[in-house]
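Here the structure is laid out as structure tokens; the discussion comes afterwards.
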Amino acid sequence: MRHNDLTEARELLARARSVTVLTGAGVSAESGVPTFRGSDGLWKGSSALELASPDGFARNPHKVWEWYNLRRRTLLRVRPNPGHLALAELERRVPEFGLITQNVDRLHQAAGSKNVVELHGNIWEVRCTACHAVFDRTAVELPAEPRCESCLAWLRPGVVWFGEMLPPAALQTAEAWTERCELFLLIGTSAIVWPAAGLASIAKESCAKVIEINPEETPATELADISLRGKSGELLPRILGHA
Ligand code: BV8
Ligand code: ZN
């Protein structure tokens, strides 16, 4: 059963002792970060597999880096929005709280969220494709052809591409938090990328209540107890009793 009921969502959150959240690109949209599949979507023109897969990188590393450097430059001038800030406040209110994100922009951490699991890595870290050295290049402008300083091989963004395994520890933690929670918030994700999308069903099976926040319906909407149609930057502060 699902109905668009902010009041019930607010009451459930006020009473919850254990909350797990899964976010997608939609929570960063109001910060000015383009989503992937929306009309202004990042995938527009090129296919996801061209820009976010090992084969795509092997075929054309310049094109992939052009895309990731453009996204890094965009992130240099954006800030967390009220949705990110509301989730950081929720963490301070709830005894047991875990934030699982598919986003690679680290805006949750910038907003003050502490207990965060990044299922798809992050855009600031880079890894060597040969010696596998890892470098933190947060807010650093990278060259068009980033090379490893010790072995001169191509660097790659520290993100999980299509066809790549998610970091096992991150996925295990995300599943444990989802199985344990009494309230699961599914916010700003099109719920079509696996295994992240599967967490909503795990939450449902673990007899948690599922609340979705999204301006549009998604494949997960039918399993949500409450599905709020709206923007996370507007609805989350209201659910926390601000606006
Ligand atoms: C895996 C890189 C095991 C990082 C991303 C064939 C070959 C190989 C694999 C597969 C295959 N077929 C299927 C698969 C599995 C595949 C998959 O799920 N494909 C989908 C497309 C069907 N998954 C994988 O490959 C994963 N690995 O399975 O490994 C394996 C190994 C080998 C072989 C087989 C299996 C890896 C998945 C990670 C891929 N990496 N990106 C980066 O550059 O960012 S995925 C990409 O999509 C992003 O990371 C993003 O996180 C993710 C999900 O997108 P969303 O976050 O949901 O964003 P989206 O734009 O889609 O939606 C935004 C939503 O927000 C919308 O609903 C919109 O309505 C809403 N919204 C908009 N504004 C707001 C809002 N909501 C609230 N407020 C607003 N203001
Ligand atoms: Zn190297």
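The values are calculated or read from the model by the stated rules, or taken from the named source; none is laboratory data. Please read all numbers here as calculations on a predicted model, not as lab measurements. Every residue, glycine as well, gets a Cβ built from its backbone with ideal geometry; the counts of neighbours run over all protein chains shown. Just so you know, the surface numbers come from the protein's heavy atoms only, side chains and all, with ligands and any DNA or RNA stripped out. Shrake-Rupley method; radii C 1.70, N 1.55, O 1.52, S 1.80 Å.
Laid out as a table, the results:
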quantity	calculated
Tabulated pairs, the range 208-228, first of a type in the set (Gly, Ala, Ser), second surrounded by fewer than 17 Cβ atoms within 10 Å (Cβ to Cβ), C-beta under 6 angstrom, 6+ apart or interchain	224/2; 227/2
Tally, over the range 149-180, of residues that are crowded, with 22+ Cβ neighbours inside 10 Å, touching a helix residue (DSSP H, G or I) at 6+ places or on another chain (Cβ under 7 Å) and not β-branched (Val, Ile, Thr)	2
Residues being touching a strand residue (DSSP E or B) at 6+ places or on another chain (Cβ under 9 Å) and either open to solvent by 30 Å² or more (accessible area, probe 1.4 Å) or modelled with pLDDT under 95 (or both) - total across the range 98-115	4
Number of the condition not met by residue 66 [criteria: (1) within 23 Å of residue 193 (Cα to Cα); (2) out of contact with any Leu (no Cβ under 8 Å at 6 or more places or on another chain); (3) acidic (Asp, Glu); (4) assigned to a helix (DSSP H, G or I)]	(1)
Unique match (being away from ligand 2 (no atom under 16 Å from the Cβ) and without any contact (Cβ under 8 Å) to a residue 12 or more places away in the chain) among 70, 76	70
Positions within the range 1-60 being open to solvent by 70 Å² or more (accessible area, probe 1.4 Å) and at pLDDT below 85, in sequence order	1, 2, 4, 37, 39, 40, 44, 45, 49
Residue within the range 51-62 that is free of Cβ contacts under 8 Å to residues at least 60 places away in the same chain and of a type in the set (D, E, K, R) present	yes
Test result for residue 190, open to solvent by less than 30 Å² (accessible area, probe 1.4 Å), of a type outside the set (Val, Ile, Thr) and within 11 Å of ligand 1 (Cβ to nearest atom)	no
When residues of the range 93-141 are limited to those that are of a type in the set (A, V, I, L, M) and touching a residue at least 60 places away in the same chain (Cβ under 8 Å), the one nearest to residue 83 (Cα to Cα)	107
Any hit, the range 181-194, residues being touching a helix residue (DSSP H, G or I) at 6+ places or on another chain (Cβ under 9 Å), outside any loop (DSSP other than H, G, I, E, B) and within 16 Å of ligand 2 (Cβ to nearest atom)	no
Tally of residues being modelled with pLDDT of 95 or more, part of a loop (DSSP other than H, G, I, E, B) and either near ligand 2 (Cβ under 9 Å from one of its atoms) or crowded, with 19+ Cβ neighbours inside 10 Å (or both) across the range 122-148	6
Subset of the range 61-97 that is out of contact with any strand residue (DSSP E or B) (no Cβ under 8 Å at 6 or more places or on another chain) and acidic (Asp, Glu) - its residue that is least open to solvent (accessible area, probe 1.4 Å)	89
Matching residues in the range 149-165 - criterion: being more than 14 Å from ligand 2 (Cβ to nearest atom) and without any contact (Cβ under 8 Å) to a residue 24 or more places away in the chain	165
Filtered residue count, the range 198-243, keeping only those that are surrounded by fewer than 20 Cβ atoms within 10 Å (Cβ to Cβ), in a helix (DSSP H, G or I) and not polar (S, T, N, Q)	9
